[in-house]
1. In segment A:136-156, how many residues are within 7 Å of chain B (Cβ to nearest Cβ), open to solvent by 30 Å² or more (accessible area, probe 1.4 Å) and within 17 Å of the chain's Cα centre (by Cα)?
2. Read through the list (1) within 18 Å of the chain's Cα centre (by Cα); (2) on the phi < 0 side of the Ramachandran plot, then give the number of the only condition that A:Asp54 fails.
3. Please go through segment B:51-104 and pick out each residue that is closer than 12 Å to B:Ala130 by Cβ and not in a helix (DSSP H, G or I).
4. Being more than 7 Å from chain A (Cβ to nearest Cβ), part of a helix (DSSP H, G or I) and either charged (D, E, K, R) or closer than 17 Å to A:Thr33 by Cβ (or both): is that true of B:Ala162 here?
5. Checking B:Arg59 against (1) under 14 Å from the mean Cα position of the chain (by Cα); (2) surrounded by fewer than 19 Cβ atoms within 10 Å (Cβ to Cβ): exactly one of these is not met. Which one?
6. Out of curiosity, is A:Arg48 surrounded by 16 or more Cβ atoms within 10 Å (Cβ to Cβ), among the basic types (Lys, Arg) and part of a helix (DSSP H, G or I)?
7. All but one of (1) within 11 Å of chain B (Cβ to nearest Cβ); (2) at pLDDT below 95 hold for A:Val90; which doesn't?
8. Can you confirm whether segment A:22-30 contains a residue that is surrounded by fewer than 15 Cβ atoms within 10 Å (Cβ to Cβ), within 7 Å of chain B (Cβ to nearest Cβ) and at pLDDT below 95?
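The values are calculated or read from the model by the stated rules, or taken from the named source; none is laboratory data. For clarity, every value in this text was computed on a predicted model and none was experimentally measured. Note: ideal-geometry Cβ built from the backbone for every residue, glycine included; neighbour counts use all protein chains shown. For the accessible areas, the whole protein counts, side chains as well, though only heavy atoms, and no ligand, DNA or RNA atoms are used. Shrake-Rupley method; radii C 1.70, N 1.55, O 1.52, S 1.80 Å.
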There are 2 protein chains.
Amino acid sequence: MGDRAPLPFDPIERAGILWEKHVGDASSMRVATSIMRVQQLLIAEFDRVLKPLDLTFARFEVLRLVSFSREGRLPLSIIGERLMVHPTSVTNAIDRLVASGLVMRTPDDQDRRRVYASLTSDGKRVLRRATKALMDIDFGLATLDGRDRAQLFNVLRSVRSADFSD
Amino acid sequence: MGDRAPLPFDPIERAGILWEKHVGDASSMRVATSIMRVQQLLIAEFDRVLKPLDLTFARFEVLRLVSFSREGRLPLSIIGERLMVHPTSVTNAIDRLVASGLVMRTPDDQDRRRVYASLTSDGKRVLRRATKALMDIDFGLATLDGRDRAQLFNVLRSVRSADFSD
């Protein structure tokens with residue numbers, strides 16, 4: 001994806017010009033299309049650097065979240081809630097992580113229906129390496145200075161404001 | 001996805017605080033995670049309003065691009081290049097659009113190996129309705145004013161700058 005030859009023009013800029021000519025205000029279309037494209041570029045980059053560790057970005061996020069928990073374990077339901085993904089996606093990610101020996105599933109002593117995920121020592125090691133790999137590429141955002149990052153975070157935060165009430 | 005109850009806190013903000021505590025600078029992680037989440041929210045929203053038209057956002061983009069072409073038709077290879085998607089994805093999208101009667105495939109008179117896509121009259125009608133549906137929700141970005149949009153577009157443009165040379 002990132003390996004194709006660059007186009008001699010910005011395709012989103014061009015789409016915006018044509019949109020204005022044929023449809024009308026292009027400001028939201030240009031931004032939405034940019035977000036789609038940047039997400040695609042970032043995820044391709046993340047998956048590329050995580051592939052040697054047999055991880056995807058989605059599975060990295062699960063490892064990271066569990067590692068941050070106070071007791072070193074989290075109920076599967078909470079993982080889905082925090083990462084804002086469907087319960088099925090969490091189950092799939094956990095299945096893969098258990099199969100690769102990075103995560104353990106443990107039932108609650110009090111409530112046997114509640115299942116926790118915790119990291120194995122392999123899981124902790126792989127998470128450290130994955131974190132380093134992503135930090136080494138600065139999460140694909142090395143072109144942005146501190147001001148750009150703060151602006152981007154704040155503007156995007158208002159788009160995702162329905163996710164939380166604070 | 002957008003229908004779940006809001007969390008009592010911003011999960012990306014919280015992840016950032018924990019990241020700073022356990023890992024280090026969280027500025028790129030916070031922005032990258034925000035882009036992932038906003039893309040997920042937007043695509044869910046687009047697919048929701050396009051579903052009654054039996055379209056996805058990816059197929060909408062194909063229709064839009066073809067409709068903007070000077071001659072009303074585009075080679076499949078150019079569609080992939082402009083939308084920056086894999087040739088297989090273009091073929092799949094075109095197959096679906098042909099099956100629903102929105103697009104016609106026509107070979108070039110000069111070069112029989114070159115295949116063009118053009119819109120049927122149904123295709124043009126559905127594209128108009130899809131465009132209106134997306135404009136009605138302001139591409140999911142109604143919370144952003146003109147200044148936010150310009151900032152967002154410009155900062156994201158530098159992240160995707162390897163796509164084009166201009």
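1. Narrowing segment A:136-156 to residues within 7 Å of chain B (Cβ to nearest Cβ): A:138-141, A:143-144, A:146, A:148-149, A:151-153, A:155-156.
If we keep only those that are open to solvent by 30 Å² or more (accessible area, probe 1.4 Å) too, we end up with A:138, A:143, A:146, A:148, A:151.
From what's left, within 17 Å of the chain's Cα centre (by Cα): A:138.
Within segment A:136-156, residues that are within 7 Å of chain B (Cβ to nearest Cβ), open to solvent by 30 Å² or more (accessible area, probe 1.4 Å) and within 17 Å of the chain's Cα centre (by Cα) number 1.
2. (2)
3. Hits for segment B:51-104 are B:Asp54, B:Leu55, B:Thr56, B:Leu102.
4. Working: more than 7 Å from chain A (Cβ to nearest Cβ): no; part of a helix (DSSP H, G or I): yes; either charged (D, E, K, R) or closer than 17 Å to A:Thr33 by Cβ (or both): yes.
Criteria not met by B:Ala162.
5. Exception for B:Arg59: condition (2).
6. Numbers: surrounded by 16 or more Cβ atoms within 10 Å (Cβ to Cβ): no; among the basic types (Lys, Arg): yes; part of a helix (DSSP H, G or I): yes.
So A:Arg48 fails the test.
7. (1)
8. yes
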